[in-house]
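Just below is one structure, and these are the notes that go with it.
Computed from the coordinates by the stated procedures, all read-outs in this text should not be read as laboratory data. Computed from a predicted model, the values in this text were never measured in an experiment. As a convention, Cβ positions derive from the backbone with ideal geometry for all residues, glycine included, and neighbour counts pool all protein chains shown.
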Amino acid sequence: MDGSCRHGLPVLDDSAPESREKLITIKCSARALRILTSVRALREEPSCDGEISMKILLPVDGSPSSSRAVRYVIQHWGGKQAKRRVSFILLHVDLPLPERVVRVLPAETRAIYHDDHSKLAARPARRALRKAGLDFEERHAVGDPGMFTVALAAKQRCDLIAMGSHGRGAFLSAVLGSVVMKVLSRSKVPVLVVR
């Protein structure tokens, strides 16, 4: 096939070596299998009725790894017809400032800092999504990135969380970043980790 179905939606080539290298894991559950089945149906013979059939959460931190995850999602779920079939939520969760800094800075200054930091971290992903012509919702928060990602995915009833394997954290585990490990261990939503 030429990479898209007759409706213009992307067709994933699971046999391609580059796909296998980038795809580290998909956390499988009964729901994950249903989602993957619906993605296959989307690829094979989708109906173009304009109804959103999939919601993807994209947690980003401005790192090259999160940018690769966004590009991967755009490549596989960002076709022209998919604009109406897939909904994207771009999320950046900023870590709270240390307590000694919080005591000194006024609340307004802290809010401006977190807002600026979130906008800067989400900029590469925002650019890539806009360049692909995709609509998305952008969310910013302050707190534990892993826990907030899991909570937002459940609250928004997302079908998939797609994220990079390593972020900008100071201490990275040998294989995956600590935020990724937390999301993988606590999420009931399927997680796609892109290396």
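Could you list, in their original order, any pairs among Lys131/Lys182; Lys131/Lys188; Lys131/Lys155; Lys55/Lys131 whose Cα atoms are separated by more than 24 Å?
Lys131/Lys182; Lys131/Lys188; Lys131/Lys155, as the Cα separations exceed 24 Å there.
Working out 0.36 nm times the residue gap between Leu95 and Leu120, then minus their Cα-Cα distance, what length gain in nm do you get to one decimal?
Between Leu95 and Leu120, full extension yields 7.6 nm more.
Taking the Cα centre of region 85-154 as origin, sum charge times position over the Cβ atoms of Lys and Arg (+1) and Asp and Glu (-1), and report the length of that vector in debye to the nearest 20.
Here region 85-154 has a charge dipole of around 320 debye.
Taking the Cα atoms of region 89-195 alone, what are Rg (to one decimal) and Dmax (as a whole number) in Å?
Answer for region 89-195, Rg first and Dmax second: 14.8, 43 Å.
Once both labels are modelled 7 Å past Cα along the beta-carbon direction, what's the Ser178-Arg157 spacing in nm?
Inter-label distance under the simple model: 3.5 nm.
Which order do the peptides 97-107, 65-75 take when ranked by the mean count of other beta-carbon atoms within 10 Å per residue, highest first? Let's see the in-between values first.
Details: 97-107: 9.7, 65-75: 20.9.
Ranked from most to least packed, the peptides come out as 65-75, 97-107.
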